[in-house]
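Novice: I am attaching a structure below and will ask some questions about it afterwards.
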Amino acid sequence: MINNDYFAGFDIGTDSIGMAVTDTSYQLLKHKGKAMWFVKLFDESQTAADRRAFRSGTRRAARKRERIALLQMLFDKEIAKKDPAFFQRIKESNLYEEDKTVGTPYAVFADKGYTDKDFHHDFPTVFHLRKELIENPNQHDVRLVYLALHHLIKHRGHFLFDSLNVNDTHSFINIFNELSLNLDEEYGINISCDTPDELGNILKQRDQSINAKYNECLKLCGINKKTEKQAAAVVALICGKSESAAALFNEDILDDNEKPLKVELKGDFEGHSADYAKFLGEKFELIERLKAVYDWAILADILGEEKYISFAKVKTYKQHNRDLKTLKSYVKQYCPEKYREIFKISKKDLDNYTAYSGMIKKNGKTGVLLNTCNQEEFCKFLLKTFKNTPHKDYEDMFSSIEAGVFMPKQHIKDNGVIPMQINLIELKKILENASMYLPFLNETDDTGKSISEKIIDIFKFRIPYYVGPLNKSTDKAWLERKDGRIFPWNFTDIVDVDVSAENFIHKLTSKCTYLPDKDVIPKNSVLYCKFTVLNELNNLRINGEKISVELKKDIFNDLFLRRKKVTQKGLVGYLKSRGYSDVEITGVDGDFKSSMKPYIDLCDYGLTEDEMERIILAVTIFGDDKRLLKKRLKQELSNKLTDKEINKISHLQYSGWGRLSREFLCDIEAVNPETGEVLNIINALWETNDNLMILLGSKYQFSKALQKAICFDDEKTLKEMVDSLYVSPSVKRPILQSIKMLNEVVKALGKPPKKIFVEMTRGEQEKKRTVSRKDQLLESYKTIKKDAGELYNTLNGLDNDRLRQDKLYLYFTQLGKCMYTGESIAFDSLFDNNLYDIDHIYPRSKVKDDSLNNRVLVKKKDNAEKDNTYPLSQDIRRKMLPHWKFLLD
């Protein structure tokens, strides 16, 4: 036995592995009298997504504390002159009085003539304080300045828009034009509006329902929602409606439950964004752009006509106060018996004012809050409570309640859309005013920066993701740095950002699928884009026939090098211009998924392909840091590009990495069996109409050349190699378990297998696109269209719902023939139940699977002859749909 060759086959799942060992004739082997097939069960490996979220939250909180500590360090000397215990009181503000060391019940101010009560009377909220320091340049207590800066640095806002112009928050034109251009270039969706500002005004109105906004925007943009479904889906999303991804992208996109994926920009978008990115891939970029427009509308509504966010929040506070007085007045006038239910008590599922305000007091002390609610739930509660009470003299109040804008609050979830640039202008204004009466803010040190400038640096500072951990003693760090403590204002002096970014790429990018020791190239590399386009284009069939190499090259040059998005409609138009009359496209799934967009973006700058690749690599690495990207482009291409061109290129958005290396595409060579020419992979894709899988097959010698080129690190164990793979833990664990099982077999049989067969499944998470019965049949019929005769035309004319009838479906799978006699069945007589029936291939007593795979359409007159027989051989049964070849012989 040990001298004979054997094969090993694996069926690998996420939580189980099936294995069988056979001889070279595929007969199951035995070892020590036992059949060599095995099953191993284990717990499915879980991703680190949940733990990663907690760690991210912990890091954000730690960095927030670090920013505050730096601010206290800068203010410490000046505040100590006035109030040495100030920072200690703030630190102990969450403790009971008996646990404090400062000996006072107050948390912030404990002066003889000024305490926390006076402070909260002067400034009911921190936004009142910020507004005061902006409006009034006169002398203020240094502690007040600190508290305002403390709040701004603690709640900076998001950093999503690196180059945001604050004026854009009041002007809708720029953000709308950018979206329109992207929609037109990338997706062929045309949305235009002669009055963008009017469109923006509609989007930011909170007193209108979402449906009303949607209909008004459609009318303003001249969009017919029945004929322009993609444009209508865009408008629906930016108005706050939910929409299917299928309507937006004009293709079916399913979620984990194989249901149409729904997209919504309001609510918990952050919680769902990971799922959107998972199912949409590159298309998620459009969702982010639409989210930016949606957020603009919310931000514009929050700001109103104000320049500073604190001014807008103070107006919100005053509006809430006025609405509260109006509500109390109404309740006292029309339903005083409900006053306690609305304002005094807290119950589960009771969305009253107590739940909305998040505060309850009993005998002057804070009580236990049993429920909380948002503005929408509170307004619904009021409408339900006042359903049978009169509205006289309170029409405005009820209009606000019905619109869901009654009694607004300062601290809302929508504050998450506020960019840091909005808060930055407040910070600078407060520092500008305070510098006139606090001289220490203007003092500089050996770095040449003043205290004010350092505070601004603290506010703006973020550790770039490509720099990573600042503690170089850990094995997780890759940055290059000098000795000394890192502060926001000396970060670039101590850290070599350029080298750290390069280290990041070499450390964290994946390895080539076929050459494990080679780094992959950017997904938007010109070379990789050419590979994806040709690999997809070589599958193209016109009227069931593969296209010629010459036509493929013309399509590539005339369409893909000129259009950023190539659609089937555009291809059909091009082919008709070449003389094709009836064009039927197969081999591609809808519109082409790949494109030469990066090449088109850069082709007008007079660059070589190598220079384009260097630019794309720089954008991929440094795309999130425009300053660093511009610096890199100037270093490498200042002799070819002007400052204006560099600035324009720096706004390109390229991200992600491919699966292949440059060495795999360009250095692996084989002989073309038809011409005898030596080709590499990319040239073979260009000079033939075969895709990558065919190139790696037996027709060519690429697979042998590839085996010779593969280099493994002898110092690495198999486990270390698997651990280094850029795949999910749910993939790594089954691979490692499979290796263990194979090692046991090798140990038992004394030699490795001659061949290994592997099938891998994704378990319950597997997603499949739903294909209708009609589409399945039509796709199969295309290969035998000429032989099918009228059957194809009959099938094509049927409604898909009719094919839900099993008898009709089986009729077409059997090419209209009885599976026992081979006689043709007339379509008109098919539904005569006295003539035809559905029966099993095997006797019912032996049938375990009652699905259509084991059933056939037969003539009833044959039933008596075939009872308890096996009329169809296993070979014929195996050749049934979708092959059908035996019926045409």
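The values are calculated or read from the model by the stated rules, or taken from the named source; none is laboratory data. None of these values were measured; they are calculated from a predicted model. As a convention, Cβ positions derive from the backbone with ideal geometry for all residues, glycine included, and neighbour counts pool all protein chains shown. Surface areas here come from the heavy atoms of the whole protein model, side chains and all, with no ligands, DNA or RNA. Shrake-Rupley method; radii C 1.70, N 1.55, O 1.52, S 1.80 Å.
Novice: Using a 1.4 Å probe on the protein chains only, how many percent of the accessible area of the range 540-660 belongs to carbon and sulfur?
Specialist: 44 percent
Novice: Below 8 Å between Cα atoms, with a sequence gap of 6+, how large is the relative contact order for the chain in percent?
Specialist: Value for the chain: 12 percent.
Novice: Counting only heavy atoms of the protein chains, get the accessible area per residue of the chain (1.4 Å probe) and round it to a whole Å² value.
Specialist: Result: 55 Å² of accessible area for each residue.
Novice: Also, I was wondering about something else. To the nearest 20 Debye, how big is the dipole of the chain about its Cα centre, given +1 on the beta carbon of each Lys and Arg and -1 on that of each Asp and Glu?
Specialist: Taking the Cα centre of the chain as origin, the dipole is about 2180 debye.
Novice: Roughly how far apart, in whole Å, are the Cα centres of the range 458-517 and the range 275-346?
Specialist: So the separation of the two Cα centres works out to 40 Å.
Novice: A further question follows. What is the percent carbon and sulfur in the accessible area of the range 339-449, measuring with a 1.4 Å probe over the protein chains and ignoring ligands?
Specialist: 49 percent
Novice: Using only the alpha-carbon atoms, how far is helix 451-460 inclined from the longest principal axis of the chain? Give it as 0 to 90 degrees, nearest 10.
Specialist: Between the helix axis and the principal axis of the chain, the angle is about 30 degrees.
Novice: Excluding K449 itself, what net charge comes from residues whose Cβ is under 14 Å from its Cβ, given Lys and Arg +1 and Asp and Glu -1?
Specialist: -4
Novice: Also, I was wondering about something else. How would the range 56-117 be classified by its alpha-carbon gyration tensor: rounded, prolate or oblate, with rounded meaning a/c under 1.5 and the a/b versus b/c comparison settling the rest?
Specialist: Judged from the Cα gyration tensor, the range 56-117 comes out oblate (a/c at least 1.5, b/c at or above a/b).
Novice: Once a ≥ b ≥ c are taken as the square roots of the eigenvalues of the Cα gyration tensor of the range 396-482, is the result rounded (a/c under 1.5), prolate (a/b larger than b/c) or oblate (a/b not larger than b/c)?
Specialist: oblate
Novice: Now, a different point. Return the long-range amide H neighbours of E584 (sequence gap of 5 or more, or a different chain), with a cut-off of under 5 Å between placed amide H atoms.
Specialist: Those lying under 5 Å, H to H, from E584 are N543.
Novice: By the scheme Lys and Arg +1, Asp and Glu -1, what is the net charge of all other residues having a beta-carbon under 13 Å from that of K338?
Specialist: Counting the neighbours of K338, the net charge comes to +4.
Novice: Which whole-angstrom value gives the distance between the alpha carbon centres of the range 168-213 and the range 558-615?
Specialist: Measuring centre to centre over Cα atoms gives 29 Å.
Novice: Can you tell which of P408, I253, F311 lies farthest toward the positive end of the dipole of the chain, using +1 and -1 charges on the Cβ of basic and acidic side chains (Lys, Arg; Asp, Glu)?
Specialist: Projecting each Cα onto the dipole axis, the largest value belongs to P408.
Novice: On the protein heavy atoms, probe 1.4 angstrom, tell me the percent of accessible surface of the range 1-142 carried by carbon and sulfur.
Specialist: After summing per-atom areas, the C and S share lands at 51 percent.
Novice: What does the charge count around E663 come to, taking other residues whose C-beta lies under 10 Å from its C-beta (Lys +1, Arg +1, Asp -1, Glu -1)?
Specialist: Here the charged neighbours net out to -1.
Novice: Would you calculate, for the chain, the mean residue ellipticity at 222 nm contributed by helices, counting each DSSP H stretch of 4 or more residues as -39,500 (n - 2.57) and dividing by all residues, to the nearest 500?
Specialist: After summing the helix terms and dividing by residue count, I get -13500 deg cm²/dmol.
Novice: Could you tell me the center-to-center distance, by alpha carbons, between the range 637-700 and the range 736-760 in angstrom?
Specialist: So the two Cα centres are separated by 35 Å.
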